[in-house]
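Bear in mind these aren't lab numbers, they're just calculated from the coordinates by the rules spelled out. Note that the structure is predicted; figures quoted are calculated from it, not measured. Here Cβ is always computed from backbone atoms with ideal geometry, including for glycine, and neighbour counts include all displayed protein chains.
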Amino acid sequence: MKAAVISLGSTSSKWTIESMEKHFSSVDAIDLRSIEVKMGSDKAQVLANGKELAEYDCIFAKGSFRYAQILRALTSRLGKTSYMPILPYSFTVGHDKLLTHLALQHFKVPMPNTYLAATSQGGKKILEKINYPIIFKLPSGTGGKGVMYAESYAAANSLLDTLTTLRQPFLIQEYIETNGEDIRILVAGDKVIASMKRKAMDGEKRANTHLGGAVESYIPNAYTKEISVRAAKALGASLCAVDILEGSKGPLVVEVNLSPGLKGITEASGVVVADKIAEYLFEQTKLLKDKGTKQGASEILKEISRKRDDATEQQIIAQLDVRGGRLLLPGVITKISDLADGGECVIKVKEGQIIIERI
């Protein structure tokens, strides 16, 4: 089976490709930035460096929020012929914090109380009734970017005035005290394949590793695993990372990352995460191909059955035409029986019945 990884060429992507090469006959690395999607009335066409992309049994496409639209477009087209672990709409939802929270709410995934205001006036009304400290979030952005902390009404009001000038929506979210810690769970289908705890450096509220956060081993309980898998399903992503805060209200999902880095979680968990991802991709691709083969065999059997049904005896009511002592049969009988002029046959005759069998 052939596979491809379409990405921005990160170290995590390279690790994944190396692990996939242990299972697939070939694995191509394709730069997401080289991709074009040509759309027309007949069908969409995916190009890489100006040439139509080859056919693959499995394609793992991922990238940052800046490439959400191209990721959705290419997976919409390629997902019809290849196994892909992330559904097209997931790239739109997963790279927008507002849409993510709406999806989590729809699937009843526990999360912090979150507010959205259409105007600065509406935002100020929220600030007057919410408990402090609070978090401001811009809808786009990953890795802790676009997340701001306000410890008081005065600080929040000042931030609100600044955000209003950006002329884009923003979220206001209750702050969950976790001593600067959060949990990252890596999900593959219905299972958790790795997990870790991240702790923010002194003076930082965000625990992201690229912001200086430290990582350590963490074993989630059954409930945390359950809500992680549910969060992944809410976004239509079979492979993703789910970020969770564990406070006084229990575990709460704050984000789903469609393109997580593997270095920190591999180091903290002791699990070769790239191998787990490769195994999952191979298993799901094989299941899809086996299903396709079975469906193909089923269609062949149906066609054979149909032909057999067509070949079964049919009853035709017709008026007899006897001319000069000879019986003439309707043309439809000749057509169905496939008897040809000059062909040899056996004719069995008894009163009220004639049976003609081709030799």
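General observations
- P(r) weight above 15 Å for the range 2-93, C-alpha pairs, percent: 57 percent
- Residue order, fewest to most surrounding Cβ atoms within 10 angstrom, among M201, M111, M1: M201, M1, M111
- Centre-to-centre separation between the Cα atoms of the range 1-75 and those of the range 89-105: 22 Å.
- Residue exposure sequence - K286, K350 - by fewest surrounding Cβ within 10 Å: K350, K286
- Most to least packed among 21-27, 52-58 [average Cβ atoms within 10 Å]: 52-58, 21-27
- Ranked by how many other Cβ atoms sit within 10 Å of their own Cβ, fewest first, the residues K348, K38 fall in the order K348, K38.
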